[in-house]
């Protein structure tokens, strides 16, 4: 009887403190996405801020930002950029954000060098290591299906 109680108590305690495995866990997908056991992975989160170049609005600036948007599309297509978008007016003058699908800030800095607005000094960047859902890149497949106009 003691053994049964001990086993029952042990199972109860393990149920309270042990980690349960999801019933819908897909190990192949997790491996494909680079997920750890929590379904998470490392990214680099970038906050775009105003750069030193205060170029006035006009054809030259417009051309640089067309290149900026085209570069965003290229990096997304390559799987290196999983989220991007501008901020509205805010007290910190944040311009936008990127989430790069890379593990290191050094890799993200190399990708930023391909951005015409960053290269021109119109935008600058603050970079942070970030831990988020490994499924984030999967949303890009849906984004393509709901996008009417290409950048």
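Tabulated results
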{"item": "Sorted by Cβ neighbour density within 10 Å, fewest at the top, the residues 133, 93, 63", "result": "93, 63, 133"}
{"item": "FRET E, pair residue 97, residue 140, Förster distance 22 Å, beta-carbon r, rounded to 0.05", "result": "0.90"}
{"item": "Spin-label model distance (nm) - residue 62 vs residue 126, 7 Å beyond Cα toward Cβ", "result": "3.2 nm"}
{"item": "Order of 109, 92 - criterion: other Cβ atoms within 10 Å of each residue's Cβ, fewest first", "result": "92, 109"}
{"item": "Segment 90-127 and segment 29-70: distance between their alpha carbon centers, rounded to Å", "result": "5 Å"}
{"item": "Förster radius 25 Å - calculated FRET efficiency between residue 104 and residue 28, Cβ distance, rounded to 0.05", "result": "0.45"}
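Any read-out appearing in this document is the output of simple, stated calculations on the displayed coordinates, not a laboratory observation. All figures in this text were calculated on a predicted structure; none of them were measured in a lab. Note that we place each Cβ from the backbone using ideal geometry, even for glycine, and neighbour counts take in every protein chain shown.
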